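The values are calculated or read from the model by the stated rules, or taken from the named source; none is laboratory data. Being a predicted model, the structure only gives us computed values, none of them experimental. Here the Cβ positions follow ideal geometry from the backbone for every residue, glycine too, while neighbour counts run over all protein chains shown.
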Ligand SMILES: Cc1cc2nc3c(=O)[nH]c(=O)nc-3n(C[C@H](O)[C@H](O)[C@H](O)COP(=O)(O)OP(=O)(O)OC[C@H]3O[C@@H](n4cnc5c(N)ncnc54)[C@H](O)[C@@H]3O)c2cc1C
């Protein structure tokens with residue numbers, strides 16, 4: 001059996017790794033290079049503090065995989081588990097309370113924390129800036145070594161990774177996928193995995209398959225290094241502003257993304273202004289520091305917030321996308337699921353692309 | 001010993017040997033080489049070292065510099081303090 005994976009982001013790589021482990025011949029096609037997609041541009045926030053049962057399960061499994069696989073790959077992902085902190089205005093606290101009940105019922109360690117206690121954990125935090133928060137399992141991972149580790153791990157298992165190889169189309173016969181078109185060549189394969197993130201809708205169009213994921217653009221920046229003082233990953237769900245500190249001491253932060261019409265990674269001054277205001281309100285001492293570098297990334301979100309994973313009406317064409325702003329927390333487990341779908345014909349109704357053919361089930365949660 | 005240390009990136013203190021080692025390990029496109037070694041990411045943001053890195057990559061891989069390309073230049077051109085940005089009007 002031969003499988004082509006489109007995209008060398010975390011989703012494509014973890015899928016390829018799981019398939020290759022089972023002896024499948026896998027080739028990954030990557031339009032640019034690794035790290036080009038959202039997997040090389042994100043803020044590395046990892047948590048099980050999700051608002052859906054399915055997502056909590058995927059996140060738990062993914063953290064376990066990260067823990068185990070670093071040794072296997074001989075790569076240090078710099079996964080610092082100092083907690084994940086969600087803060088909010090009074091208006092949004094109810095949402096956090098509700099998801100906390102779900103998380104606890106599934107064994108996730110999470111507790112409410114008041115703004116003054118936050119200041120004890122994060123020196124310099126302004127308790128006036130929020131009404132409350134919840135702190136729980138998670139932390140920050142460094143996305144680049146994660147990707148490089150998976151690249152190494154895949155290569156060792158014989159996965160071929162083709163950079164600068166854009167997939168331009170497919171060969172289809174009688175409703176069955178037969179091959180992938182790359183660089184004026186058609187490569188015969190039994191399955192294609194669409195793990196192209198924000199480009200997944202475009203790839204689906206090339207295959208004549210409907211996919212209703214939205215494209216989200218998110219901007220992010222780095223403030224000069226400071227001695228580590230921000231232990232947890234901090235996300236303000238009311239303003240969308242998030243802040244964390246890397247192992248190098250750089251303060252990394254951004255504003256949760258907005259829908260875009262196409263995968264566009266341009267940077268804007270407007271973002272920097274909004275972020276500066278929001279970040280300095282939470283941690284005023286950031287005011288005196290400088291922004292060194294800014295960039296943007298794009299990812300894709302499904303209509304109901306759950307990933308889209310499964311074979312489509314086009315036999316052999318498998319979706320593995322729609323991970324939203326949680327791809328780093330979910331993708332290692334998604335790779336295992338895709339392998340089970342391809343090798344064992346297993347079906348996961350909750351993630352199946354066909355769930356959107358029933359309009360009454362597409363309401364946002 | 002010291003004689004053999006050819007510094008390519010002065011901000012991050014990275015030698016030619018380290019860059020060649022990274023290329024041998026498979027970080028052989030400019031964007032991954034940058035992130036793996038840290039070259040071009042320091043205070044000068046590549047103004048001093050990028051050309052040398054491209055030369056080394058070209059010599060090692062046999063690819064012409066045009067094919068190697070340059071790293072994406074990220075704004076701002078120079079560091080900007082947060083208090084200055086805060087004065088801006090958010091649309
Ligand atoms: C600023 C920002 C912050 C984020 N913060 C977090 C966070 O804190 N925690 C978290 O869990 N998630 C976060 N995310 C989301 C996370 O980064 C994504 O969910 C995840 O990286 C998606 O991985 P992917 O492999 O599905 O897609 P990608 O990493 O985008 O990979 C898709 C790949 O497909 C390739 N491709 C596209 N078209 C083609 C083609 N025609 N042929 C071949 N290849 C093609 C692209 O070049 C790309 O490399 C953030 C995202 C951004 C942008």
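Quick notes on this one:
- Residue list for segment A:222-258, restricted to those being over 23 Å from residue A:121 (Cα atoms) and buried (at least 21 other Cβ atoms within 10 Å of the Cβ): A:257
- First in segment A:208-219 and more than 14 Å from every other protein chain (Cβ to nearest Cβ) and without any contact (Cβ under 8 Å) to a residue 60 or more places away in the chain, second anywhere and assigned to a loop (DSSP other than H, G, I, E, B) and within 13 Å of the ligand (Cβ to nearest atom), Cβ under 8 Å, 6 or more apart: none
- Here is the figure for segment B:63-88: residues that are in contact with a helix residue (DSSP H, G or I) (Cβ under 9 Å, 6 or more places away or on another chain) and facing chain A (nearest Cβ under 7 Å) total 9.
- First in segment A:1-20 and under 17 Å from residue A:73 (Cβ atoms) and away from chain B (no Cβ under 14 Å), second anywhere and assigned to a strand (DSSP E or B) and more than 12 Å from the ligand (Cβ to nearest atom), Cβ under 6 Å, 6 or more apart: A:16/A:26; A:19/A:3; A:19/A:26; A:20/A:26
- From A:56, A:28, A:46, A:63, residue being at pLDDT 95 or above and within 8 Å of the ligand (Cβ to nearest atom): A:46
- Residue list for segment A:132-158, restricted to those being in contact with a strand residue (DSSP E or B) (Cβ under 8 Å, 6 or more places away or on another chain) and either within 14 Å of chain B (Cβ to nearest Cβ) or part of a helix (DSSP H, G or I) (or both): A:151, A:154, A:155
- Any chance residue A:204 is surrounded by 22 or more Cβ atoms within 10 Å (Cβ to Cβ) and either modelled with pLDDT of 95 or more or in a helix (DSSP H, G or I) (or both): yes
- Looking only at segment A:5-39, and only at residues there that are part of a loop (DSSP other than H, G, I, E, B) and more than 17 Å from the chain's Cα centre (by Cα), the one that is surrounded by the fewest Cβ atoms within 10 Å (Cβ to Cβ): A:23
- Segments classed as strands (runs of 3 or more DSSP E), wholly inside segment A:283-365, with at least 3 members that are buried (at least 22 other Cβ atoms within 10 Å of the Cβ) and either assigned by TED's automatic domain parsing to the domain that holds residue A:173 or at pLDDT 95 or above (or both): A:290-301, A:317-321
- Per-region count, segment A:261-274, residues within 18 Å of residue A:43 (Cβ to Cβ) and either in contact with a helix residue (DSSP H, G or I) (Cβ under 8 Å, 6 or more places away or on another chain) or away from every other protein chain (no Cβ under 12 Å) (or both): 1
- Of the residues making up segment A:217-237, those that are in contact with a helix residue (DSSP H, G or I) (Cβ under 7 Å, 6 or more places away or on another chain), farther than 21 Å from residue B:82 by Cα and within 11 Å of the ligand (Cβ to nearest atom) number 0.
- If you go through segment B:35-62 and keep only what is part of a loop (DSSP other than H, G, I, E, B) and either exposed (fewer than 13 other Cβ atoms within 10 Å of the Cβ) or out of contact with any helix residue (DSSP H, G or I) (no Cβ under 7 Å at 6 or more places or on another chain) (or both), you end up with B:38, B:42, B:43, B:44, B:45, B:46, B:47, B:48, B:49, B:62.
- Test: residue in segment A:275-296 that is within 16 Å of the chain's Cα centre (by Cα) and away from chain B (no Cβ under 12 Å): no
- Set side by side, the residues B:49, B:44 differ, and just one is more than 10 Å from chain A (Cβ to nearest Cβ), modelled with pLDDT under 95 and touching a strand residue (DSSP E or B) at 6+ places or on another chain (Cβ under 6 Å), which is B:49.
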